[in-house]
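One structure is given here, and the rest of the page talks about it.
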Amino acid sequence: MTTINPRTGQHTMRLMIMHKHDPQTEAGVLPPPELIARMGEYIGEHAQRGTFLGGEGLGLTVRSRDEGIGWAERYGKVLGDGELELAALTEPWDLGFGSKPDDAPLRLLLIEKVDADTEAGTRSAKKKAELTRLQTEMTKAGVLASAERLQPSAKAKRLMFTSNVLRVLDGPFAESKELIGGFSLMQLPSIEVAIEECRRYAEILGGTLEIDVRPLEEPEPRA
């Protein structure tokens, strides 16, 4: 499904661009200032064009955040069989920009891993309704900032960059064991355009990494 970019009038699609952790980021090594500056410039350009919808960097996987884990457990009970990943978002003070405020909230990303139903697009209406009710409760409690659903990986592309040389793999994909290092939500005309945009994205991040480009489902209205 496509939407229209209000700034350009073009038909576009919403996409999530996810890059994987590498050994340095997984070890908690901070990115150099020049990388942060170049990524900020890249995001700023897309924000001005109306193609950047949001994005975050992720820290190491969270293992002991009681409130976040409590909500994740409730989410998991609705899913039944499945696997969730809980990760902390990278904040400005994590990158050396100022001090952490005393009242800073803990921001987490809850990632639901795919299963046969989500890959086939056959999740039951009952389960969808239960998840919608839980997300509505989380919103009212002030703990849910946003939520997105990915289309099946059969519609995705995996970009394998080695020294800025690109190899593109078509989905569907088996589960990847690498952790997501960060993501951007983009509104672009097509996956092909997204792949070209990822060339610069990858070059900024060092030129050797793995990126998944996944179309997003349109959000369902909440009760």
(Q) Looking only at the range 91-127, count every residue that is free of Cβ contacts under 8 Å to residues at least 60 places away in the same chain, of a type in the set (Gly, Ala, Ser) and farther than 24 Å from Pro172 by Cα and tell me the total. (A) 3
**Q.** Output for the range 21-45, where each listed residue is surrounded by 14 or more Cβ atoms within 10 Å (Cβ to Cβ) and in a loop (DSSP other than H, G, I, E, B)
**A.** His21, Asp22, Pro31
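Can you tell me which residue is nearest to Ala116 (Cα to Cα) among those in the range 151-181 that are β-branched (Val, Ile, Thr) and either open to solvent by less than 70 Å² (accessible area, probe 1.4 Å) or at pLDDT below 90 (or both)? Write out each step before concluding.
First, pick out the residues of the range 151-181 that are β-branched (Val, Ile, Thr): 162, 165, 168, 180.
Add one more test, that the residue is either open to solvent by less than 70 Å² (accessible area, probe 1.4 Å) or at pLDDT below 90 (or both), and what stays is 168, 180.
Working: Val168: 24, Ile180: 21 Å.
Of everything passing the filter in the range 151-181, Ile180 is nearest to Ala116 (Cα to Cα).
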Q) Given the conditions (1) open to solvent by less than 50 Å² (accessible area, probe 1.4 Å); (2) at pLDDT 90 or above; (3) not basic (Lys, Arg), which single one is not true for Gln48? A) (1)
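What number of residues in the range 80-102 are outside any strand (DSSP E or B) and either over 26 Å from Leu134 (Cα atoms) or under 18 Å from the mean Cα position of the chain (by Cα) (or both)?
Filtering the range 80-102 for residues outside any strand (DSSP E or B) gives 80-83, 90-102.
Those left that are additionally either over 26 Å from Leu134 (Cα atoms) or under 18 Å from the mean Cα position of the chain (by Cα) (or both): 83, 90-102.
Of the residues in the range 80-102, 14 are outside any strand (DSSP E or B) and either over 26 Å from Leu134 (Cα atoms) or under 18 Å from the mean Cα position of the chain (by Cα) (or both).
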Q.
Quick check on this structure: which one of Glu196, Glu137, Glu148 is open to solvent by 80 Å² or more (accessible area, probe 1.4 Å) and of a type in the set (Asp, Glu)?
A. Glu196
Q | Check on Gly59, surrounded by 15 or more Cβ atoms within 10 Å (Cβ to Cβ) and at pLDDT 75 or above | A | no
Q: Answer yes or no as to whether Thr12 is at pLDDT below 90, within 17 Å of the chain's Cα centre (by Cα), closer than 29 Å to Val114 by Cα and hydroxyl-bearing (Ser, Thr, Tyr).
A: no
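The values are calculated or read from the model by the stated rules, or taken from the named source; none is laboratory data. The structure presented is a predicted model; accordingly, all values stated were derived computationally and were not measured. Reconstructed Cβ throughout: ideal geometry from the backbone, glycine too, with neighbour counts over all protein chains shown. Side chains are part of the model used for accessible areas, which takes the heavy atoms of the whole protein and leaves out ligands, DNA and RNA. Shrake-Rupley method; radii C 1.70, N 1.55, O 1.52, S 1.80 Å.
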